[in-house]
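J.: I have a structure here, written as structure tokens, and I will follow up with some questions on it.
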Amino acid sequence: PLVLHVTGARPNFPKAAPVIAALERRGVRQLLVHTGQHYDRNMSEIFFRDLGLPEPDLNLGIGSGSHAVQTAAMMTALETVFLDERPDLVVVYGDVNSTLAAALVAAKLGVRCAHVEAGLRSFDWTMPEEVNRVVTDRLSDIVFATSPDALVHLAREGVDPDRMHFVGNPMIDTLLRLRDRFDGSRVVTELDLPATYAVATLHRPGNVDDPATLDRMVAALRRVGDRIDLVLPVHPRGRQQLEASGLFDHPRVHATEPLGYLEFLGLVAGSALVVTDSGGIQEETTVLGVPCLTLRPNTERPVTITHGTNRLVTTEGLAGHVDAVLAGDGPTPGVVPPLWDGASGERIADVVVDVLASAD
Ligand code: UD1
């Protein structure tokens, strides 16, 4: 039997790595397909190296485009791949356009599909990722959940309990495996950062695409810079707008290129706090015990608030939260969510092996 993994965007890679490694240990034949959604060296290649992922067997080279153009191009290319390779199971990860494209093609061809990181819901239908999550789960035959709330959402949407598996968080497998090698020192030295600094990331369409919203974000981040040195690895989306906004004219707000996995998490692990609109970073800071202030009205990852160090903040409220953290009054490290223990890839691989055997 053949398992075909579809990845394409930066957040997919640390989720796929432990699943691929665990299936490798079980001797399962696998193919790794990269859609090419992310193609810059520091959005893709550097992650394969840092994570010890095998080179993709196929890179479809799709690249950027509008949602329809990008998703359609991925579907067209993936259909040919699935017809040629005849996988017994397609595995998709997270909530990016590559995830949705692969799940749709698998469903139409009658190829079984497994979704890793299923059931997360922000209930915010304006987020492209929410559309991708809901539709991918509906199309998948097997769903792997990272947290108990995800099981509740899936059950409410009518997913048969036999198809649901609570396995914990494979992205945290990667974090725990590589934690000893996290190293932000190059960036700390190059930017001459003091011992106490903060890290920010900002790339979500809802935050960077509308000029008035972006202005509010920039003003809020400058107020953070008044309090603590702030490093911002700049995602290609919104880079021009951020650079033109004057954010980096602030003497204590520092831009960097997007960083690799080990450097980014090294920087985060050494920081006093993180300001972000990313999804995965809310989870990583929860495990690292670093306070995380999330510039969003909602989160699809509520365990990072109930168990972890995450708080949802507004642009107006951000500076006050930073003051609280710096005064020792911020979110404190809580309990690590259940099954975020480094063995999620093994659990997923056990289920996959069972599924492949039942198909014979
Ligand atoms: C995608 C995901 C988002 C995730 C993010 C992490 C979707 C719908 N969104 O958003 O959930 O948080 O990845 O990074 O899939 N670009 C480059 N080089 C690259 C990739 C992108 O320059 O290697 C630029 C292009 O101008 C492109 C833009 O970034 O148009 C957006 O890229 P895209 O793949 O559409 O989505 P992301 O914003 O990266």
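J.: Nearest 10 degrees is fine. How inclined is helix 97-109 to the longest principal axis of the chain, computing both from alpha carbons?
T.: For helix 97-109, the angle is close to 10 degrees.
J.: Let me ask you something else. Provide the descending list of Cα extents for the range 252-331 along its principal axes, expressed in whole angstroms.
T.: Extents along the principal axes: 29, 28, 22 Å.
J.: Separation of the range 42-63 and the range 145-183 by C-alpha centroid, Å?
T.: Computed from Cα coordinates, the inter-centre distance equals 23 Å.
J.: Hey, what angle do you get for helix 13-25 against the long axis of the chain, alpha-carbon based, 0 to 90 degrees rounded to 10?
T.: For 13-25 against the chain, the angle is about 40 degrees.
J.: Where Rh is the Kirkwood radius over the Cα pairs of the range 148-253, the temperature 10 °C and the viscosity 1.306 mPa s, what D in µm²/s does Stokes-Einstein return?
T.: Numbers: Rh = 17.1 Å.
After rounding, the answer is 93 µm²/s.
J.: A further question on this structure: Rounded to a whole number of µm²/s, how large is the Stokes-Einstein D of the range 182-234 at 37 °C and 0.692 mPa s, given Rh as the Kirkwood radius over C-alpha pairs? Provide the component values of the computation, followed by the final result.
T.: Values: Rh = 12.4 Å.
Estimated diffusion coefficient is 266 µm²/s.
J.: Here's a follow-up. Per residue of the range 55-61, in order, report the coupling 6.51 cos²θ - 1.76 cosθ + 1.60 (Karplus, θ = phi - 60°) as ³J(HN,Hα) in whole Hz, putting x for Gly and Pro.
T.: 3, x, 5, 9, 10, 7, x
J.: Name the long-range amide H neighbours of Arg29: under 5 Å, sequence gap of 5 or more, or other chain; modelled H, no Pro or chain starts.
T.: Result for Arg29 returns Val3.
J.: Please give the peptides 180-189, 136-145, 155-164 ranked by average Cβ packing (other Cβ atoms within 10 Å per residue), highest first, as a rough proxy for protection. Before the final figure, lay out the partial values.
T.: Numbers: 180-189: 15.0, 136-145: 22.8, 155-164: 12.4.
Result, highest mean Cβ count within 10 Å first: 136-145, 180-189, 155-164.
J.: Which FRET efficiency, nearest 0.05, do Asp209 and Trp125 yield, Cβ-Cβ r, R0 25 Å? Walk me through the numbers before you get to the answer.
T.: Numbers: r = 16 Å, r/R0 = 0.66.
Working from the Cβ atoms, E equals 0.90.
J.: Jot down the radius of gyration and Dmax of the chain, Cα atoms only, both in angstrom.
T.: 19.9, 63
J.: 5 Å is the cut-off here: which amide hydrogens, built 1.01 Å from N in the peptide plane, fall below it relative to Val275, excluding neighbours closer than 5 in sequence?
T.: Long-range HN contacts for Val275: Val199, Ala200, Thr201, Leu293.
J.: Could you give the distance between the Cα centres of the range 93-110 and the range 200-279, to the whole Å?
T.: 31 Å
J.: Give me Leu109, Leu262, Leu293 ranked fewest to most by other Cβ atoms within 10 Å of their Cβ, as a rough exposure proxy. Don't skip to the answer; put the middle values down first.
T.: Details: Leu109 15, Leu262 19, Leu293 27.
Exposure proxy ranking, most exposed first: Leu109, Leu262, Leu293.
J.: Note the direction-averaged projected area, equal to a quarter of the hull surface, for the Cα convex hull of the range 52-109, in nm². The partial results should precede the final answer.
T.: Working: hull surface 18.0 nm².
Directional mean of the projected Cα hull area for the range 52-109 stands at 4.5 nm².
J.: In whole Å, what are the extents of the range 1-118 along the principal axes defined by its C-alpha atoms, from largest to smallest?
T.: 38, 35, 26
J.: Sort Leu78, Leu2 so the one with the fewest other Cβ atoms within 10 Å of its own Cβ comes first. Before the final figure, lay out the partial values.
T.: Numbers: Leu78 26, Leu2 14.
Listing Leu78, Leu2 from fewest to most nearby Cβ atoms yields Leu2, Leu78.
J.: Taking only Cα atoms, what is the 0 to 90° angle, nearest 10, from helix 315-326's long axis to the longest principal axis of the chain?
T.: Around 80 degrees separate the two axes.
J.: How large is the convex hull of the C-alpha atoms of the range 91-221 per residue, in Å³? Walk me through the numbers on the way to the answer.
T.: On the way: hull volume 21.7 nm³, N = 131.
For the range 91-221, the hull spanned by Cα atoms encloses 166 Å³ per residue.
J.: Okay, moving on. Assuming a viscosity of 0.890 mPa s and a temperature of 25 °C, what translational diffusion coefficient in µm² per second does Stokes-Einstein assign to the range 74-162, Rh being the Kirkwood radius over Cα pairs? Please list the in-between numbers first.
T.: Numbers: Rh = 13.1 Å.
The diffusion coefficient I find is 188 µm²/s.
J.: Can you tell me the relative contact order of the chain? Whole percent, Cα pairs under 8 Å, sequence separation 6 or more.
T.: Values: 701 pairs, mean separation 60.3, N = 360.
Computed over the chain, the figure is 17 percent.
Every number in this text was worked out from the coordinates using simple rules, so none of it is lab data. Just so it is clear, the structure is predicted and the values come from calculations on it, not from any experiment. Please note: Cβ atoms are built from the backbone with ideal geometry, for glycine as well, and neighbour counts cover all protein chains shown.
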